[in-house]
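The values are calculated or read from the model by the stated rules, or taken from the named source; none is laboratory data. Predicted, not measured: the structure shown is a model, and the values here were computed from it. Ideal geometry is used to build each Cβ from the backbone, glycine not excepted, and the neighbour counts take in all protein chains shown. Calculation scope for accessible area: heavy atoms of the full protein, side chains included, ligands and nucleic acids excluded. Shrake-Rupley method; radii C 1.70, N 1.55, O 1.52, S 1.80 Å.
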Amino acid sequence: MSKIYLKYLFFFCFFCFISVNLFAQSNFEMGENFFRTNETEKAIPCLQKSIEENENPKAYIYLAMCYFQQEKYSQALVICNKGMEVSGTDKKVLAFDAGNIAFAMNDYAGAEKWYSRSMEEDPFYAAPVLNRANTRLKTGRLQESKADYEKYIVMNPDSPQGNSIYAIISMIDEQLENEKKADAIKVEQEKKKNEDIRRVDADRSRQEAEASKRRKKMLEDVVSSLQDSSSENLEGASGTEMILDGSDIGSDISDMGVEE
């Protein structure tokens, strides 16, 4: 009996040991499972505790994505930043996720910075190249955007988005060509405008010079006319000035009672 008892006891203990290992999950595993079933409210406390206990560095990625799905972008970005400072975390993914969060916040400069950081962490990681291209396209930097799209195609030639990307590149080329033509027209218009301005200025200068010349001639004529009149007055005065008539002198003396 004792041997049979021991045998059953052994199998019972073994079964309990297996059951504990099968059904006992870590905080990270529970958080991951909740995340995968879109139960982010349940996943968050599990993942927070996993981070506190240093269970699994992937907890930073899952926790950031939980906040992202809840549109709590600032909190998600905080987790990504913290994860970037922790040893053993997948920094290329954290930086990529941070770029997506910044993009959702309309912080395109921040998004581009994070995508570039992700590319620095792993130069062969294609995802941030595509998203940086989208970000640059969003901000109107067509040439740089096109370069990123082309780089992504080289890195991921079998991408299911390939046809769409080629179409975008074609549209970018068309837009760049239109802008080039528009710039050429603008330069030509500016050149013509400058020529018109120079011509108007030249005409104005010529007219002012001619007017100045006419005014000078008129002034000279007036001065000459005045000079002639003055001369004539002087000539008339020279024949009469200071010449006394004799009868007048005699009359004056008579008036004074002086005998001649």
Give region 112-133 a look and list any residue that's under 18 Å from residue 162 (Cα atoms) and open to solvent by 60 Å² or more (accessible area, probe 1.4 Å), or say none. 124
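To keep it simple, each residue is scored yes or no on (1) free of Cβ contacts under 8 Å to residues at least 40 places away in the same chain; (2) outside any loop (DSSP other than H, G, I, E, B); (3) of a type outside the set (A, V, I, L, M); (4) open to solvent by 60 Å² or more (accessible area, probe 1.4 Å).
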| residue | (1), (2), (3), (4) |
| --- | --- |
| 172 | yes, yes, no, no |
| 182 | yes, yes, no, no |
| 187 | yes, yes, no, yes |
| 190 | yes, yes, yes, yes |
| 198 | yes, yes, yes, yes |
| 204 | yes, yes, yes, yes |
Within region 33-57, which residues are open to solvent by 40 Å² or more (accessible area, probe 1.4 Å), touching a Phe, Trp or Tyr at 6+ places or on another chain (Cβ under 7 Å) and either modelled with pLDDT of 95 or more or closer than 18 Å to residue 97 by Cα (or both)? 42, 56
In region 82-99, how many are crowded, with 23+ Cβ neighbours inside 10 Å and under 19 Å from residue 59 (Cβ atoms)? 6
May I ask you to list the residues in region 139-160 that are under 22 Å from residue 108 (Cα atoms) and surrounded by 12 or more Cβ atoms within 10 Å (Cβ to Cβ)? 139, 141, 142, 144, 145, 146, 147, 148, 149, 150, 151, 152
